[in-house]
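One structure is given below, encoded as structure tokens.
The values are calculated or read from the model by the stated rules, or taken from the named source; none is laboratory data. Just so it is clear, the model here is predicted, and its values are computed rather than measured. All Cβ positions, even for glycine, are placed from backbone atoms using ideal geometry, and neighbour counts span all protein chains on display.
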């Protein structure tokens with residue numbers, strides 16, 4: 001067998017027609033069936049749990065020949081290393097909402113949670129034969145009783161950092177996640193996914209990249225996106241005046257084209273303790289209704305955190321979640337999922353144009369010297385001008401943290417990633433190779449897996465070597481087969 005062939009790569013391409021049809025047939029949300037008296041409540045809280053484990057070439061003793069496996073599998077096979085003893089608890093975290101939601105519903109309560117599982121992790125479950133986890137997720141996705149409490153969010157398959165991912169590749173990530181999710185849970189289930197959770201909460205701020213980011217989400221049927229509060233600004237550059245209402249993310253490219261999508265603001269920093277201790281609900285209890293578009297609406301406090309990492313999330317979250325759901329159900333401050341909240345706003349006549357506009361961070365500095373529709377060359381000149389005037393100015397975009405760069409110090413990895421991306425574009429996309437071609441699927445797997453953010457988080461070392469090895473295999477595979 002060819003050592004470059006991946007055994008049973010994910011089913012994440014080749015059914016674009018069915019994908020488009022499913023989204024077009026999407027049924028509207030009936031907020032009246034949610035059991036929430038939106039006219040009576042004062043405020044709401046929404047939590048999302050983000051689940052991810054990267055795929056790494058660690059299924060063997062030699063880096064160049066090791067199988068690409070889930071980091072979760074590696075942890076389970078090496079429990080004595082570092083924090084790997086947490087792996088069985090992680091497995092429980094990945095399936096436990098399938099236990100919590102039915103239990104709370106059977107008590108007559110109104111649990112709510114949003115879930116975001118990366119494509120890498122879903123494939124890892126398949127590869128490991130984790131039927132218990134997949135069955136638990138299937139119950140949450142497709143059981144009509146459970147569905148009232150759970151909203152699944154879409155994401156990008158390989159967990160890439162959007163600002164530094166080639167534009168055409170980011171679209172492939174978004175579509176691959178949709179097709180993979182549909183292959184596991186059905187296209188009807190996919191049609192119900194309306195919100196998008198960007199990996200690392202990374203939002204591009206380069207005008208052209210940000211425009212394509214939003215346009216990709218709209219083209220793929222998404223209605224709203226979760227954004228970190230410090231990655232966006234008002235048109236005048238000021239911080240957001242009110243973080244607990246939906247906004248309108250407006251992105252204009254260098255050609256003057258505009259793309260917009262509803263943005264839900266993720267408040268606070270990256271501390272998983274906040275969600276683990278249900279802080280959004282306690283914050284919401286101190287809020288009251290406010291005016292939007294001439295109508296009185298309840299504000300919504302929204303946060304997302306890793307759903308498995310850290311002692312608080314692993315151990316303290318379950319009892320706190322049960323406690324808060326029981327207290328919040330039927331109260332003036334219930335837990336909500338975002339899409340049912342937006343459905344209510346539409347029902348009372350609030351339109352997208354009523355939402356306050358925002359844009360990615362630092363763009364106001366560009367618009368002082370750059371006239372939209374002036375073209376990419378003028379944009380590059382404006383970027384250089386602003387960079388010289390303002391040392392804090394950056395076109396790397398924003399993410400959940402401002403303390404690390406996803407670009408600086410990773411040139412030896414970004415080079416191979418760019419090479420693989422260029423080859424995929426030149427040899428496969430430009431030549432119109434069918435996504436049904438098995439070699440297309442293999443090459444796509446290497447491309448998307450190589451762009452996982454984890455390879456650019458820990459600094460140089462084993463993780464960057466993992467990324468470079470996946471790039472090497474992808475480059476070699478494309479050169480050999482196309």
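Structure notes:
- Flag for residue 34 being at pLDDT 95 or above, at negative phi and crowded, with 17+ Cβ neighbours inside 10 Å: no
- Residue identified as in a loop (DSSP other than H, G, I, E, B) and within 17 Å of residue 96 (Cβ to Cβ) among 309, 288: 309
- Qualifying residue in the range 177-195 (condition: touching a strand residue (DSSP E or B) at 6+ places or on another chain (Cβ under 7 Å) and within 22 Å of residue 252 (Cα to Cα)): yes
- The residues in the range 437-462 that are under 18 Å from residue 56 (Cβ atoms) and either surrounded by fewer than 18 Cβ atoms within 10 Å (Cβ to Cβ) or over 21 Å from the mean Cα position of the chain (by Cα) (or both) can be counted, and the count is 7.
- Verdict on residue 351 being surrounded by fewer than 22 Cβ atoms within 10 Å (Cβ to Cβ), out of contact with any helix residue (DSSP H, G or I) (no Cβ under 7 Å at 6 or more places or on another chain), more than 21 Å from residue 147 (Cα to Cα) and in contact (Cβ under 8 Å) with a residue 60 or more places away in the chain: no
- Filter result (more than 30 Å from residue 30 (Cα to Cα), in a loop (DSSP other than H, G, I, E, B) and either over 16 Å from the mean Cα position of the chain (by Cα) or without any contact (Cβ under 8 Å) to a residue 12 or more places away in the chain (or both)) within the range 139-172: 166
Residues are listed down the side, and each one gets a yes or a no for (1) surrounded by 17 or more Cβ atoms within 10 Å (Cβ to Cβ); (2) over 23 Å from residue 339 (Cβ atoms):
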site	(1), (2)
56	yes, yes
61	no, yes
72	yes, yes
90	yes, yes
112	yes, no
130	yes, yes
140	yes, no
147	no, no
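- Exactly one residue out of 178, 228 is in contact with a helix residue (DSSP H, G or I) (Cβ under 7 Å, 6 or more places away or on another chain) and modelled with pLDDT under 95, and it is 228.
- Qualifying residue in the range 368-386 (condition: in contact (Cβ under 8 Å) with a residue 40 or more places away in the chain, in contact with a strand residue (DSSP E or B) (Cβ under 9 Å, 6 or more places away or on another chain) and surrounded by 20 or more Cβ atoms within 10 Å (Cβ to Cβ)): no
- Count - residues of the range 446-466 that are at pLDDT 90 or above, touching a helix residue (DSSP H, G or I) at 6+ places or on another chain (Cβ under 8 Å) and in a helix (DSSP H, G or I): 7
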